[in-house]
């Protein structure tokens, strides 16, 4: 029996000429998913293994670029070196020259990987559009809902921009644009030379690759600007959707009292009005801070069992709002949640709590009650006999 670096449970017998490495890998236990921000620093890019959300990976890339200390031409290769796990098969397909582009290397990296992990741009846009128009507030905290509504709208705009196809440098449109830019520039220089007294006639400057790259980038910028202006949801329509999803009946009367009609609504004005009317405290002069969501709010928990944490009595419970499991203090309005990644306990403070007992606790209490009732009946019978 030959060993190949695995435990004895995974030793391979090459009796029939099988590929021992592939067979061992099939029998080896699956590796856990890699968290993309694990070991991420200003010098180390976020990692991706193909199992987590690619949208979240793109957000992690943007956050890393904001704090990265690497030179722009090294950021693309740094991201390419952090492709691991199931996504590592696409690493060899990356174009090294495009990755080293200081202006577009990171964007090229994201554009290259996106089709391998996300469906077409049209599917993404329709999905996010449906999320946007169906993002009802319900009973959600108003301040939290406004932040999520704004985030959903930004993602919708991003998906709309992704509908614009990439333009290659060898495409007829790009070549025609570069030629027109060159001719217009030479005509402008010739006109300046002719209008200046004593100036020698202008001599046409040969077109260089640097000029072509600059003109191509300007063409892409103009195309993206036109695509953004063609976004189907204008500011007024987005504001009307905002009003309908907020589910606040008194809002229209307040806007009418301020002399604003429906065709004058905009999202920023409505957001400022919401913060002023519904999210600030009544004593704004004494305390101008808004009440943070999730703090000092009444919460409900599902009790799993009684217990203690570091000498404090309480209950192991589950938060009904987000399903988080932790320790509920019996005396104070504090719910402790453990962060497995950092091995740290974090507290969530609230005001007032409602506890619902789990099925196991209910059964145990019923059994205790029945046993107590049985003891009482037995004691009563003994007293009657005496």
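The values are calculated or read from the model by the stated rules, or taken from the named source; none is laboratory data. All values derive from a computational prediction rather than experimental measurement. Because the Cβ atoms are built from the backbone with ideal geometry, glycine has one as well, and the counts that use them run over all protein chains shown.
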Inset, instruction - List every residue pair whose Cβ atoms sit under 6 Å apart, with the two residues 6 or more apart in sequence or on different chains, where the first one lies in the stretch 153-169 and is under 21 Å from residue 134 (Cβ atoms) and the second, anywhere, is at pLDDT 85 or above and part of a loop (DSSP other than H, G, I, E, B). - result: 160/231
Legend entry - Residues satisfying the stated conditions in the stretch 149-163, i.e. within 18 Å of residue 246 (Cβ to Cβ) and surrounded by 13 or more Cβ atoms within 10 Å (Cβ to Cβ): 149, 150, 152, 153, 156
Legend entry - Hey, residue 34 modelled with pLDDT of 85 or more and either under 30 Å from residue 128 (Cβ atoms) or part of a loop (DSSP other than H, G, I, E, B) (or both) or not: no
Inset, instruction - Check the stretch 61-70 and report whether any residue there is touching a helix residue (DSSP H, G or I) at 6+ places or on another chain (Cβ under 8 Å), closer than 24 Å to residue 161 by Cα and touching a residue at least 12 places away in the same chain (Cβ under 8 Å). - result: yes
Inset, instruction - For residue 119, indicate whether it is in contact with a strand residue (DSSP E or B) (Cβ under 6 Å, 6 or more places away or on another chain) and loosely packed, with under 15 Cβ neighbours inside 10 Å. - result: no
Inset, instruction - Just give me the residues in the stretch 143-194 being touching a helix residue (DSSP H, G or I) at 6+ places or on another chain (Cβ under 8 Å) and assigned to a loop (DSSP other than H, G, I, E, B), in sequence order. - result: 162, 163, 164, 166, 167, 168, 169
Inset, instruction - Name the one entry in 233, 237 that is in a helix (DSSP H, G or I), surrounded by 10 or more Cβ atoms within 10 Å (Cβ to Cβ) and at pLDDT 80 or above. - result: 237
Inset, instruction - Would you be able to say whether some residue in the stretch 105-118 is within 26 Å of residue 220 (Cβ to Cβ), out of contact with any helix residue (DSSP H, G or I) (no Cβ under 9 Å at 6 or more places or on another chain), touching a residue at least 12 places away in the same chain (Cβ under 8 Å) and assigned to a helix (DSSP H, G or I)? - result: yes
Inset, instruction - Give, as residue ranges, the strands (runs of 3 or more DSSP E) completely inside the stretch 309-367 that count at least 3 residues that are surrounded by 12 or more Cβ atoms within 10 Å (Cβ to Cβ) and modelled with pLDDT of 70 or more. - result: 312-319, 325-329, 334-339, 344-349
Inset, instruction - Tell me, please, whether a residue that is touching a helix residue (DSSP H, G or I) at 6+ places or on another chain (Cβ under 9 Å), in a loop (DSSP other than H, G, I, E, B) and within 30 Å of residue 268 (Cα to Cα) can be found in the stretch 89-99. - result: no
Inset, instruction - Hey, can you tell me all the residues within the stretch 289-299 that are in contact with a strand residue (DSSP E or B) (Cβ under 9 Å, 6 or more places away or on another chain) and either within 17 Å of residue 346 (Cα to Cα) or modelled with pLDDT of 80 or more (or both)? - result: 294, 295, 296, 299
Legend entry - Those residues of the stretch 261-288 which are modelled with pLDDT of 80 or more, surrounded by 12 or more Cβ atoms within 10 Å (Cβ to Cβ) and not in a helix (DSSP H, G or I), in sequence order: 265, 266
